[in-house]
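Engineer: Sharing a structure, written as structure tokens. Questions coming.
The values are calculated or read from the model by the stated rules, or taken from the named source; none is laboratory data. Everything numeric in this text was worked out from a predicted model, so none of it was measured. Because the Cβ atoms are built from the backbone with ideal geometry, glycine has one as well, and the counts that use them run over all protein chains shown.
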Ligand code: BGC
């Protein structure tokens, strides 16, 4: 009787989850649309309106492994803000020595003024330099700034728009490197050398490429999602010159912002978009990345509970509260060995009365939402790999993808 009840409710739940299950044909269609959007983003006259921005990065080569030196680095735009001191020593066979410190960015600062944000960054860097005994030195600095920027040069980069819950005033449309330098000068207690600004996808490709020269794609699946790759200069119409290559920051998170993904968006995706602080933008990102996955799962669970397919129809305050089902729960619930037990503990903490079948259904929901995320990333990655292959006139391309991001690191599958 128990197993009969289980399979009946599973069948009914599966119907609700159907819209999240994308067939291979659908994924190929999605890939074909992205391919077209890549061309629009690269075009001299079409890029202004293109949902996928294809931003030149002014990075013209991947590392060859001989790089060396002493650098500072800032990393802003993921789960944490980090300050680092990196030493690259060629003689010792690519030894990377790294000290780092994580600084919290309080929620109200993410929504405050740009000046407050950059003052905070400059203060964190100052504390770090003191702790590392580096204040007297003027080291070059790599600034990983993980938001879409119209890059004018490697050290001049205009923020197009905030994403991932940031919305500081007075930064969009401004040169972010300049804002950082100004904040440091306002303090006047230390200085930095030349600055190179990169997107996190580019930083990931470069650091992976330092060890593996066949790495020419970088991908992030974290709080947000995005990828970059090495494009032929002759196709980068916005930058002078025909020779060689340049890394392009695709900003694939914006895919679908012109409505091209309407057919695969579910009612839950639409609610997530509507409730976000950037409605109508980063459609693709909102189906994939860590900032949104937990919330999609929560909305599905709410609906299943309302329709009496979960918890005997009894919800809880926590389940009804946006943001309370965290993305990290998905990873915990999908763990191979302890997943069900984790699910049960999480449901208890959310104030829900569950039976075995409920924990199984919750696990199925998590698996469905994260599988969709993975498939969409795979389709988009295949679009990039195919583009590089065709660019080079090859039948077959062998390449390496550098990947990072909290979802990628933490999800068990
Ligand atoms: C940003 C990208 C970034 C990605 C991953 C997106 O929201 O627009 O610039 O690479 O998140 O961090």
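Engineer: What number goes with the only condition from (1) more than 16 Å from the ligand (Cβ to nearest atom); (2) modelled with pLDDT of 95 or more; (3) in a loop (DSSP other than H, G, I, E, B) that residue 268 does not pass?
Structural biologist: (3)
Engineer: Which pairs do you get when a residue that is closer than 17 Å to residue 351 by Cα, found in the range 316-339, comes within reach of a residue that is surrounded by fewer than 16 Cβ atoms within 10 Å (Cβ to Cβ), reach meaning Cβ atoms under 7 angstrom, with the pair 6+ apart or on two chains?
Structural biologist: Between residues of the range 316-339 that are closer than 17 Å to residue 351 by Cα and residues that are surrounded by fewer than 16 Cβ atoms within 10 Å (Cβ to Cβ), the close pairs are 316/351; 317/351; 318/351; 322/275; 324/318.
Engineer: If you check 130, 83, which single one turns out to be away from the ligand (no atom under 16 Å from the Cβ), under 23 Å from residue 220 (Cβ atoms) and either under 26 Å from the mean Cα position of the chain (by Cα) or surrounded by fewer than 15 Cβ atoms within 10 Å (Cβ to Cβ) (or both)?
Structural biologist: Details: 130 fails: under 23 Å from residue 220 (Cβ atoms).
Matching residue, one of 130, 83: 83.
Engineer: Any residue in the range 175-201 that's in contact (Cβ under 8 Å) with a residue 24 or more places away in the chain and under 21 Å from residue 135 (Cα atoms): show its pairings with residues that are part of a strand (DSSP E or B) and more than 16 Å from the ligand (Cβ to nearest atom) at Cβ separation under 7 Å, as long as the two are six or more apart or on different chains.
Structural biologist: Once the first residue is in contact (Cβ under 8 Å) with a residue 24 or more places away in the chain and under 21 Å from residue 135 (Cα atoms) and sits in the range 175-201, its partners that are part of a strand (DSSP E or B) and more than 16 Å from the ligand (Cβ to nearest atom) give 177/156; 177/195; 192/72; 192/141; 193/141; 195/141.
Engineer: Output yes when any residue across the range 249-258 is modelled with pLDDT under 95 and over 19 Å from the mean Cα position of the chain (by Cα), and no when none is. Break it down stepwise before answering.
Structural biologist: Within the range 249-258, the subset modelled with pLDDT under 95 is none.
Within the range 249-258, not a single residue is modelled with pLDDT under 95 and over 19 Å from the mean Cα position of the chain (by Cα).
Engineer: Across the range 238-265, what is the total count of residues that are within 16 Å of the ligand (Cβ to nearest atom), out of contact with any helix residue (DSSP H, G or I) (no Cβ under 6 Å at 6 or more places or on another chain) and over 20 Å from residue 36 (Cβ atoms)?
Structural biologist: Here the count works out to 0.
Engineer: Considering the range 208-262 alone, what residues qualify as being assigned to a helix (DSSP H, G or I) and farther than 22 Å from residue 281 by Cβ?
Structural biologist: 208, 209, 210, 211, 233, 234, 235
Engineer: Of the numbered conditions (1) closer than 28 Å to residue 246 by Cα; (2) within 16 Å of the ligand (Cβ to nearest atom); (3) at pLDDT 90 or above, residue 78 fails exactly one; give the number of that condition.
Structural biologist: Tallying (1) closer than 28 Å to residue 246 by Cα; (2) within 16 Å of the ligand (Cβ to nearest atom); (3) at pLDDT 90 or above, residue 78 fails exactly one: (3).
Engineer: Looking at 347, 340, which is the one that is buried (at least 18 other Cβ atoms within 10 Å of the Cβ) and out of contact with any strand residue (DSSP E or B) (no Cβ under 9 Å at 6 or more places or on another chain)?
Structural biologist: Answer to the check: 347.
Engineer: Filter the range 209-222 for residues that are at pLDDT 95 or above and away from the ligand (no atom under 15 Å from the Cβ) and give the result.
Structural biologist: If the condition is that a residue be at pLDDT 95 or above and away from the ligand (no atom under 15 Å from the Cβ), then 214, 215, 216 are the ones that fit.
Engineer: Here is a follow-up. Restricting to the range 181-207, and then to whatever is in a strand (DSSP E or B) and within 14 Å of the ligand (Cβ to nearest atom), can you tell me which residue is surrounded by the most Cβ atoms within 10 Å (Cβ to Cβ)?
Structural biologist: This residue is 198.
Engineer: Also, I was wondering about something else. Criterion first (in a helix (DSSP H, G or I), closer than 24 Å to residue 407 by Cα and in contact (Cβ under 8 Å) with a residue 12 or more places away in the chain) does residue 286 satisfy it?
Structural biologist: Yes, satisfied.
Engineer: Name the residue that is farthest from residue 240 (Cα to Cα), counting only residues in the range 138-173 that are touching a helix residue (DSSP H, G or I) at 6+ places or on another chain (Cβ under 8 Å) and more than 16 Å from the ligand (Cβ to nearest atom).
Structural biologist: 169
Engineer: Show the residue pairs meeting these rules: Cβ distance below 6 Å; 6+ apart or different chains; first residue within the range 254-277 and over 19 Å from residue 300 (Cβ atoms); second residue part of a loop (DSSP other than H, G, I, E, B) and within 14 Å of the ligand (Cβ to nearest atom).
Structural biologist: 254/51; 254/52; 254/282; 255/52; 257/51; 257/281; 258/51; 277/167
Engineer: With respect to residue 371, is the statement that it is surrounded by fewer than 17 Cβ atoms within 10 Å (Cβ to Cβ), assigned to a helix (DSSP H, G or I) and in contact with a helix residue (DSSP H, G or I) (Cβ under 9 Å, 6 or more places away or on another chain) true?
Structural biologist: yes
Engineer: Looking at the structure I just gave you, is residue 58 within 16 Å of the ligand (Cβ to nearest atom), part of a loop (DSSP other than H, G, I, E, B), in contact with a strand residue (DSSP E or B) (Cβ under 7 Å, 6 or more places away or on another chain) and more than 21 Å from residue 230 (Cβ to Cβ)?
Structural biologist: no
Per-residue answers, yes or no, for (1) under 25 Å from the mean Cα position of the chain (by Cα); (2) under 22 Å from residue 176 (Cα atoms); (3) at pLDDT below 95:
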residue	(1), (2), (3)
39	yes, no, no
45	no, no, yes
54	yes, yes, no
70	no, no, yes
87	no, no, yes
104	yes, yes, yes
126	no, yes, no
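Engineer: Based on what the data block shows, is residue 96 crowded, with 18+ Cβ neighbours inside 10 Å and more than 20 Å from the chain's Cα centre (by Cα)?
Structural biologist: no
Engineer: Report yes if some residue within the range 234-252 is surrounded by 19 or more Cβ atoms within 10 Å (Cβ to Cβ) and more than 30 Å from residue 64 (Cβ to Cβ); otherwise report no.
Structural biologist: no
Engineer: Loosely packed, with under 12 Cβ neighbours inside 10 Å and at pLDDT 95 or above: is that true of residue 91 in this structure?
Structural biologist: So residue 91 does not fit the description; no.
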